[in-house]
Each structure stands twice: as structure tokens, then as C-alpha cells.
Amino acid sequence: MTATPDLRSHRPASADLLRSVFRQHAAGVAVITTQGPRGPVGFTATSLASVSAEPPVVSFGVGTGASSWPALSEAEHVGVHILGEHQQGLAATFARSGADRFGKPTRWREGPEGVPVLDGVLAWLVCRVTARVPAGDHRIVLAEAALGDDSGAGLPLLYHQGRYNGLRDR
């Protein structure tokens, strides 16, 4: 029988505690893209989740203070890209504030519905945005997958303890 923890000895929940706890959670790395009024925008996401198989719906979170939020707040379609372990640089570029995310060395093309599609990813989807749900300083975007490609080869990129990693047990 395990002892019941004394909750009084623990820290109150805060943004710092949440970040610290989630550093323990390994997450897959994705890049979300869309076409904005001034060109393509995108960001690195570790909040991607499969929500429903029928219909095929995904979700991801985006901060309302993010540079890509104005375009995403109006977008009808988004691209969802699953990164491979060889794409740490791409993940870092799309995570860095002020970076030229679609400049060299990023390779991309205009895909269906005008969505920017990144080259060399493990898989991608073009999705129709169906909802933007307020969640504190973020929005949870729900999007229905319309089409995609899962023909990329390799292992997924993970984010853990503030670093990008690959799978170790193979």
C-alpha cells in the first residue's frame, strides 16, 4: 500500500509548474502552416492530437500572441506536417520568433487549397478548420483532414526536456 502524498507540501499550479511538468512528457513534433494575407505562416507544435477517426479530425493549440495567430485565426485550411528525427533544424526554425521560416533552407511548395506543404516530412495533411476553441491565452484549433500523404520514410522527431530527440529503442 502506498502512502497518500501530503498535497500541502507541493507547489501551487502556475505557468512555470505546468511547463516543468510537461518537460517530462515526450511529444511528437509537427509544423502547422497556412497561407496568410502577406504570405505563408507556420509554427512548431507539440500539441497535435488525433481527435476523431470518423470524420478524421485533428487538434492543435496555438497562442493568441503568436506571430502566426492572425493568419490562423482567419484560415479556412491548414497544413499539418509530422517531422522526422532528421528535421531538428526545421523544427527549430519554425519555433524561433522572427525567423524567416519559409526562406532557405526550408523546402516547400504550394499545396491543395493554397496551403504551404513542407518537403521531406514523414507525413502531411491538409485540413479544413472547423472550430477555434478559446483556452486561456491559446486557441484549440479543430480541423478535419481532407487529404494528405504518409509516404515519408524515417522515425519521428520528439520533444522532451526542452530538446529535440529521436527514438532510442529501435
Next item on the list: Check 141, 129, 117, 121 and return the single one that is on the phi < 0 side of the Ramachandran plot, part of a loop (DSSP other than H, G, I, E, B) and crowded, with 17+ Cβ neighbours inside 10 Å.
Entry: 121
Check: List, please: which pairs have Cβ atoms under 7 Å, are six or more places apart or on different chains, and start with a residue in the stretch 97-110 that is in contact (Cβ under 8 Å) with a residue 40 or more places away in the chain and part of a loop (DSSP other than H, G, I, E, B) and end with one that is among the charged types (D, E, K, R) and surrounded by 11 or more Cβ atoms within 10 Å (Cβ to Cβ)?
Finding: none
Next item on the list: Residue by residue through the stretch 29-61, note down the ones that are without any contact (Cβ under 8 Å) to a residue 40 or more places away in the chain, within 9 Å of the chain's Cα centre (by Cα), under 18 Å from residue 108 (Cβ atoms) and in a loop (DSSP other than H, G, I, E, B).
Entry: none
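Somewhere in the stretch 76-88, is a residue in contact (Cβ under 8 Å) with a residue 60 or more places away in the chain, part of a loop (DSSP other than H, G, I, E, B) and under 17 Å from residue 148 (Cβ atoms)?
Yes, the stretch 76-88 contains a residue that is in contact (Cβ under 8 Å) with a residue 60 or more places away in the chain, part of a loop (DSSP other than H, G, I, E, B) and under 17 Å from residue 148 (Cβ atoms).
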Notebook entry, point to check: Only one of these conditions is not met by residue 21: (1) assigned to a strand (DSSP E or B); (2) at pLDDT below 95. Which number is it?
Noted result: (1)
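The values are calculated or read from the model by the stated rules, or taken from the named source; none is laboratory data. Because the structure is a prediction, the values reported are computed rather than measured. Virtual Cβ from ideal backbone geometry, glycine too; neighbours counted across all protein chains shown.
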